[in-house]
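The values are calculated or read from the model by the stated rules, or taken from the named source; none is laboratory data. Note that the coordinates shown come from a computational prediction; the quantities given were computed from them, not determined experimentally. Reconstructed Cβ throughout: ideal geometry from the backbone, glycine too, with neighbour counts over all protein chains shown.
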Amino acid sequence: MNAKQLLKDLLPPILLKAARAIALPASQSSRSDRPEWEYVPQGWDAEKSDPAIKGWNVQTVLDAYKARWETFVKTTQGAGPFGLPPEAISPAKDADLPYHNGVMVFGYCLALASRNKSAVSILDWGGGIGHYYQIARALLPDVKIEYHCKDVPLLAEHGGTLFPEARFYPDESCLARRYDLVMAGTSLHYARDWQGTLRGLAGAVGGYLLVTGLPVVHAAPAYVFVQRPYRYNYDTEYLAWCLNRGQFLETARGLGLTLVREFITGHFPPIQGAPEECEYRGFLFRAR
């Protein structure tokens, strides 16, 4: 008797149905046995040889966001902490300190950008389906939020249905104007040409630029890693940079950006085989 038949014989129908609902496909289960975070010596060329590296524009990422959206919205209401990241699986167990710290960093920068204003314009680069629009409205309920979000087509399209009053972009046309606050939250390092992306963001800064959730090292040169987020039900893998902090800040200075404040969120993912342990940091700039 195989394992599937044994499970069918032992479990009552309602539990069998639940087991089927949470079971991972065999191909996904085998891939999830590999490290969630791993150094990639060949760099971005790995995209050409590994079909599992599909990036963010995949239906399973959107499905996961949609499934958790109602719970996420509830955590932004009331007086509780902002402790539930969009990828959280169990609201009761996944209160996330680095995510909470990241939201508080955003809140500080948003308050700074909107000081003495009744309205503030935001460009959320890599903002998914609008999570930080929901957060911004909860943090500053008396300030009008003019929200613009750029992300991959699948996420941008759904975000537009959630928030028809906001603007969602699947391309870089959002960079044609300036904003009080430009934010690249846990997104810049997914750009192969991160210098070019940073240049575009710097050109859209009318007040402040927040680059946060950025993995950095202090001594080693920048390197590429892969993340395999199967435990969040994202059936994909994606490459990212871990940037050298000094090189990043030097590039920012060359683009006319002045560092206002640096932040530590407390996220130190274990990247297997990496030349140096990375940490996630945030950087607030003003344009000169």
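When LEU259, LEU209 are checked against the criterion of being modelled with pLDDT of 95 or more, of a type outside the set (S, T, N, Q) and crowded, with 17+ Cβ neighbours inside 10 Å, LEU209 stands alone in meeting it. Of the residues making up segment 101-132, those that are under 24 Å from TYR232 (Cα atoms) and surrounded by fewer than 17 Cβ atoms within 10 Å (Cβ to Cβ) number 1. Listed by first and then second residue, the pairs linking a residue in segment 95-120 that is in contact (Cβ under 8 Å) with a residue 60 or more places away in the chain and on the phi > 0 side of the Ramachandran plot to a residue that is crowded, with 23+ Cβ neighbours inside 10 Å and of a type outside the set (Ser, Thr, Tyr), with Cβ atoms under 8 Å apart and 6 or more places separating them unless they lie on different chains, form an empty list.
Number of residues in segment 247-264 that are among the polar types (S, T, N, Q) and under 16 Å from HIS189 (Cα atoms) equals 2. For segment 259-279, filtered to residues that are of a type in the set (Val, Ile, Thr) and part of a loop (DSSP other than H, G, I, E, B), the residue that is nearest to PHE82 (Cα to Cα) is THR265. All conditions but one from (1) at pLDDT 95 or above; (2) at negative phi apply to GLY83; the one that does not is (1). The residues of segment 192-209 that are in contact (Cβ under 8 Å) with a residue 12 or more places away in the chain and part of a loop (DSSP other than H, G, I, E, B), listed by number, are ARG192, ALA204.
Selection over segment 89-100 of residues that are crowded, with 17+ Cβ neighbours inside 10 Å and of a type in the set (D, E, K, R) gives a count of 1. Pairs are defined by a Cβ separation below 9 Å, a sequence spacing of at least 6 or placement on different chains, a first member in segment 30-46 that is more than 15 Å from TYR223 (Cβ to Cβ), and a second member that is at pLDDT below 95 and not in a loop (DSSP other than H, G, I, E, B); the pairs so defined are SER32/ARG231; GLU36/ARG231. Out of curiosity, is GLN134 of a type outside the set (D, E, K, R) and closer than 19 Å to ASP180 by Cβ? Criteria met by GLN134. Within segment 67-88, being within 16 Å of GLY107 (Cβ to Cβ), surrounded by 14 or more Cβ atoms within 10 Å (Cβ to Cβ) and of a type in the set (Gly, Ala, Ser) holds for one residue alone: GLY83.
A residue that is closer than 20 Å to HIS100 by Cα, of a type in the set (Gly, Ala, Ser) and surrounded by fewer than 18 Cβ atoms within 10 Å (Cβ to Cβ) occurs nowhere in segment 175-198. In segment 254-271, the residues that are more than 15 Å from THR212 (Cβ to Cβ) reach residues that are of a type in the set (Asp, Glu) with C-beta atoms within less than 8 angstrom, at least six apart or across chains, in these pairs: PHE268/GLU277; PHE268/GLU279; PRO269/GLU36; PRO270/GLU277; ILE271/GLU38; ILE271/GLU277. The set of residues from segment 212-239 being among the small types (Gly, Ala, Ser) and buried (at least 22 other Cβ atoms within 10 Å of the Cβ) comprises just one member, GLY213.
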